[in-house]
Amino acid sequence: MKTLYLIATLAVFLSACSSPPSQDLSWLEGEWIRVGLDSGQSGKEIWRASDQGLVGTGQFFEGDQLVFEEGLRIEQHNQTWNYIAAVSHNDTSVFFPFTQLKKGHFVAENSKHDFPKKIEYHLSGDTLTAIVSGDNKQLKFAFVKAHVP
C-alpha cells in the first residue's frame, strides 16, 4: 500500500512540476504584425496565455476589410500538445499534434488534413516565421512583434 501511495504522490508531484506550454511558448505571446505584404494588405497574429496553454487569432486585411480570420489555440489533449485551428470553411477545429517543441521553435503535423499538413513556427531575433506546408506546397509568413507604447 505504501508503494502505491508513493507512486501516486510522485505522479502528482511530477505533473505539477512539468511546465505548461505557455511557459515553453512565452516567446509566441503578444501581437505580431505580418511583413512583406503588397501595398494595401496587412495581417497579424495575436497570442495570449490561457489556463490551457495559448489562445490566438490570425487576421488578414485588404485595406480596412477583414478578408480572413482564424481562431487558434495551443492546448494539451490526451497528453499531447496540439496546435488547433478553427476557420469558417471547416466544420470543426483541426488538430495538429506537436512533433517538436523547443525554445523559439515548434512543429505540429496532421497528415490527414488537406492543407496544411505541417505547421512550423520559428523565432529568429525579432522575426517570427510561420511555415505551412503539405503536398509539395509551402507558404511562409513573416511577422515582427508590435511595439506597444
Region 106-126 - residue that is closer than 19 Å to VAL35 by Cα and without any contact (Cβ under 8 Å) to a residue 24 or more places away in the chain and, of those, surrounded by the most Cβ atoms within 10 Å (Cβ to Cβ): GLU120
Residue in region 63-73 that is at negative phi, open to solvent by less than 30 Å² (accessible area, probe 1.4 Å) and among the acidic types (Asp, Glu) present: no
Unique residue being modelled with pLDDT under 95, open to solvent by less than 80 Å² (accessible area, probe 1.4 Å), out of contact with any helix residue (DSSP H, G or I) (no Cβ under 6 Å at 6 or more places or on another chain) and farther than 19 Å from LEU139 by Cα when the list is SER15, SER88: SER15
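The values are calculated or read from the model by the stated rules, or taken from the named source; none is laboratory data. Quick caveat, the model's predicted, so the values are computed rather than measured. Here the Cβ is made from the backbone with ideal geometry for all residues, glycine too, and neighbour counts use every protein chain on show. SASA here: full protein model, heavy atoms, side chains in, ligands and nucleic acids out. Shrake-Rupley method; radii C 1.70, N 1.55, O 1.52, S 1.80 Å.
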